[in-house]
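Notes for the one structure printed next.
Any read-out appearing in this document is the output of simple, stated calculations on the displayed coordinates, not a laboratory observation. All figures in this text were calculated on a predicted structure; none of them were measured in a lab. When we count neighbours, we look across all protein chains shown, and the Cβ atoms used for this are built from the backbone with ideal geometry, even at glycine.
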């Protein structure tokens with residue numbers, strides 16, 4: 001099974017959002033709570049089964065550290081990072 005942590009970048013591989021990138025906000029049992037800063041914000045997280053995502057080999061330390069340490073950040077920060085990753 002994947003070792004997914006808070007702040008990791010993942011891609012949805014099942015469902016209507018197939019191919020979309022997200023940051024992991026929280027992991028609870030076999031579910032992850034995801035955000036992308038657009039339609040999935042900190043207040044409207046996407047709940048997804050851990051089997052339906054793929055861990056990307058991408059690390060955005062700034063955002064990851066803020067999520068893990070419970071520091072404040074804006075949805076626009078998340079959106080900007082996701083947009084930058086989609087360009088690559």
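Computed values, structure above
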read-out	value
Percent of Cα-Cα distances greater than 14 Å, calculated over segment 9-81	57 percent
The chain: relative contact order as a whole-number percent, Cα under 8 Å and 6+ apart	31 percent
Fewest-first sequence of 29, 17, 8, 62 by Cβ atoms within 10 Å of each Cβ	29, 62, 17, 8
